[in-house]
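See below for the structure under consideration.
The values are calculated or read from the model by the stated rules, or taken from the named source; none is laboratory data. Quick caveat: nothing in here was measured; it's all calculated off a predicted structure. Virtual Cβ from ideal backbone geometry, glycine too; neighbours counted across all protein chains shown. For the accessible areas, the whole protein counts, side chains as well, though only heavy atoms, and no ligand, DNA or RNA atoms are used. Shrake-Rupley method; radii C 1.70, N 1.55, O 1.52, S 1.80 Å.
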Amino acid sequence: MAGGIFSPLGSCSELEKANCHPLVCLLCHEPYQHPCLLDCYHNFCASCLRGRASDGRLRCPLCGHPSVVRGGTGLPPVDRLLQFLVDSSADSEEDVQCANCDRCCTKAELDTMYFCNTCGQPLCAPCREETHRARMFARHEIVSLSKRTKDIHKKCPLHEEPYIMFSTEKKSMLCINCFRDMQGESRAHCIDIETAYMQGCQRLDQAVMAVKELQTSTREAIVLLKAMIEEVRNSASEEEAAINSLFSRMQEQLSERKKMLLKAVQSQHEEKEKAFKEQLAHLASLLPTLQVHLVTCSAFLSSANKAEFLDLGYQLMERLQKIVKLPHRLRPAQTSKINSEYRAEFARCLEPLLMLSPRRSIVGSAGGIGPGITGTNMLPGGQCSKTLMVPSCPPTSDKMSTGPMVKKPTMHRYISTKVLLAEGRETPFAEHCRNYENTYRMLQTEIQGLKDQVQELHRDLTKHHSLIKSEIMSEILQKSLQMDVQIAAHYSAVEMMRSVFEEVWEETYQRVANEQEIYEAQLHDLLQLRQENSCLSTITKQIAPYVRSIAKVKERLEPR
C-alpha cells in the first residue's frame, strides 16, 4: 500500500493522466481499502492518509484543503457509500455457483443469473424455470443477481424484524416494532419502503442533474481558463516583444540625438573658444600700446619744459583720448556657458515613440473654474471691483465650456501681453493681441455696466425693500442676451485662429510657450465674462417677480 506517500499530487494534469476509476485510490492507484471522506469530498485509503494529520488537521493531498479530524486515529470518517460500492464491486467479481445444480457461471453469464431473496441462494436460469416454478416456491422473492438483497439490509438488527417503513425525518428504515415505539408526531414522517424508494430515486435524479450541470459548467470553465492562460502567455510575449522593440528604437533615437548633441556642444565650444582667443589676442596687443604711451607721458613730463609742453602736450593728450575712445572689447561678448538643452532634445526625440501629449501650460477645463461670479475682478488698470456672490449659476453647455484652461488670471495675461507687444516684433500673434485687447476691453466695460445695474437692483431689494427703477429689468435682460451673442462670436473668432497659431508654435516652442499661455488665458477671460453674464441673467430672472410685485404696489400707493 501507499501509506508512506506524503507528497501531494502535482497538478490536475496528473490527475487527468491517472486512472480516474471511481473505486481506485488516487494515491496508491489500487482499489480502496477503508475509504475515508475528507471535507473537500475527496476520498483516499485510510492507510494512505495515516500519519498526515497535524494539530488535528489533515490537508487534502489533491487540493490542499484542510479537514478537521477527531479521535486518536488521526483519520477522517469512513465513507460508507464508497465502501458499499467497493463491497458490491467485489461481490460482482466473485465466481457465482448455482445452489441447486452447482453450476459455475462465467462473467459473461452473470446477467442471466437470478437470486432468491427468500432462500438466500443464487439460481441459474434453467433451475429457476424447473425447480422454483413449483407451487411451494410461489411466494419466494426471485430477482436478478445484481439486485439481490443482503441480509444486513433485510432485517432490523435491534428487533430481528424485516424493514417495512422509512422515516423521512431520521433518514432510516424501520421495522414494525421500531414504528410502534415511535411517538405520534414522528410517525407522520414515516412512509412505506416502496414509496420511500421512489421518492429517493426522484431526489437522487434531481441531485444528479444538478451535479451534471455543475460538471458541464466546470468543464466550460476549465476550457475558458486554459484559453485565457494561453492568451495571457501570448499577450506576455507580445508585450515583451513590444517593450524590446520600443526600447531598441528609443536607444537608436537617443544614440542619434546624443551624437547630434555632442557635435553641437563641440561646435559651441570651438566657436566660443575662437571668439575668446580673438578677443584675448586683441587685448594682448592693446596692453603694450598702453604701456608705451604711459611711459612716453612720464618721460615727456620729466624732460619737457613749459614751452615744449605747450607745443607738444596737446598733441599727446589728443592721442591718448583717441586711444581711449577706440572700440576696445574689454568684456566678453558671450557667456562661457555651453547650453545644448539636452533634456528637452532627448524628450523631443522620445515624444513620437511614447506618444506624449503636446507640451502646453493648460490645466483642467472650463468646468474647473466653478459656476458663479468671482468675489473680485482685477481690471487691466489694476482697480478692484466688487461683484455679486451667487451660490449656483447654470454653466454654459456649448463649445466654450469644454476648452482648455490655464492658471494665468486676467492681470497676468494683461502684463504678459504688454511685455510681448513692447518687444516690437511684428508677428501675426502680436497683431492678434492688439485687436483682442481692444475688443476685450469693450466687452469688459459692457459687462461691468450690467454688473453695476444688477447690483443696484439687488441692493434696493435686499436692503431698502424698495424699487427705484423698475423699467430697466427688460433692458438688462436684452443687453445680457446681446452680450452673450457678442462674446460667443468673439470666442469663435479667437478659436478659429488656433490652427494658424499652432503651425507657428510648432516651429519655435520656447518663444511660443508664453504666447500659448496668453492665448489660453484670453479664452479663459472670455469664458469668465460669459459665465458672469449668464449669472447676471439668472439673478435678473430670479428677482424679476419681486420687481413686478413692488412695481404694482408702488402704482397703488402713488395716488395716496
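Placing a label point 7 Å from the Cα of residue 346 along the Cα-to-Cβ direction, the residues of the range 232-258 whose backbone N falls under 17 Å from that point are 247-258.
Say R0 is 45 Å: what FRET efficiency, to the nearest 0.05, do residue 214 and residue 30 get from their beta-carbon distance? Calculated transfer efficiency: 0.95. Quick one: what does P(r) look like for the range 197-336 with 5 Å bins over all Cα pairs, in whole %? So the P(r) values, bin by bin, are 2, 7, 7, 7, 5, 5, 5, 5, 4, 4, 4, 4, 4, 3, 3, 3, 3, 3, 3, 3, 3, 2, 2, 2, 2, 2, 1, 1, 1, 0, 0, 0. Between residue 472 and residue 70, the modelled labels are 9.2 nm apart [label points 7 Å from Cα along Cα→Cβ]. Each part reduced to its alpha carbon centroid, the range 71-88 and the range 270-296 end up 110 Å apart.
Placing pseudo-labels 7 Å out from each Cα toward the beta carbon at residue 191 and residue 125 gives an inter-label distance of 3.6 nm.
For the pair residue 139 and residue 169, label points projected 7 Å from Cα toward Cβ lie 3.3 nm apart.
Counted by Cβ distance under 14 Å from residue 212, the other residues give a net charge of -2, where Lys and Arg count +1 and Asp and Glu count -1.
Between residue 492 and residue 324, the contour length at 0.36 nm per residue exceeds the alpha carbon distance by 54.3 nm.
Between the alpha-carbon centers of the range 27-63 and the range 155-198, tell me the distance in whole angstrom. If you average the Cα positions of each part, the centres end up 34 Å apart. Non-local lysine pairs in the range 224-368, meaning eight or more places apart or on different chains, with alpha-carbon distances under 22 Å, amount to 11.
The residues packed around residue 325, meaning those with a beta-carbon under 12 Å from its beta-carbon, carry a net charge of +1 if Lys and Arg are +1 and Asp and Glu are -1. Taking each residue as 0.36 nm, the span from residue 243 to residue 222 lengthens on full extension beyond its C-alpha to C-alpha distance by 4.5 nm.
Take the Cα of residue 278, go 7 Å toward its beta carbon, and the backbone nitrogen atoms of the range 312-329 under 14 Å from that spot belong to 329.
The residues neighbouring residue 59, those whose beta-carbon lies less than 13 Å from its own, together hold a net charge of 0 under the Lys/Arg +1, Asp/Glu -1 convention. Entry note, the range 213-356: relative contact order of 49 percent, from Cα contacts under 8 Å with a spacing of 6+ residues.
Given a Förster distance of 60 Å, report the FRET efficiency between residue 254 and residue 205 from their Cβ-Cβ distance, rounded to the nearest 0.05.
Numbers: r = 71 Å, r/R0 = 1.19.
Efficiency at R0 = 60 Å is approximately 0.25.
When the solvent-accessible area of the range 213-356 is split by element, carbon and sulfur atoms take up 61 percent of it, the probe being 1.4 Å.
What FRET efficiency comes out for the pair residue 161/residue 231, r = Cβ-Cβ distance, R0 = 51 Å, nearest 0.05?
Working: r = 65 Å, r/R0 = 1.28.
My answer for the efficiency is 0.20.
Extension gain for the segment residue 452 to residue 552, taken as residue separation times 0.36 nm less the Cα-Cα distance, is 33.6 nm to one decimal. In the complete set of protein chains, residue-level accessible area for residue 166 is approximately 50 Å², probe 1.4 angstrom.
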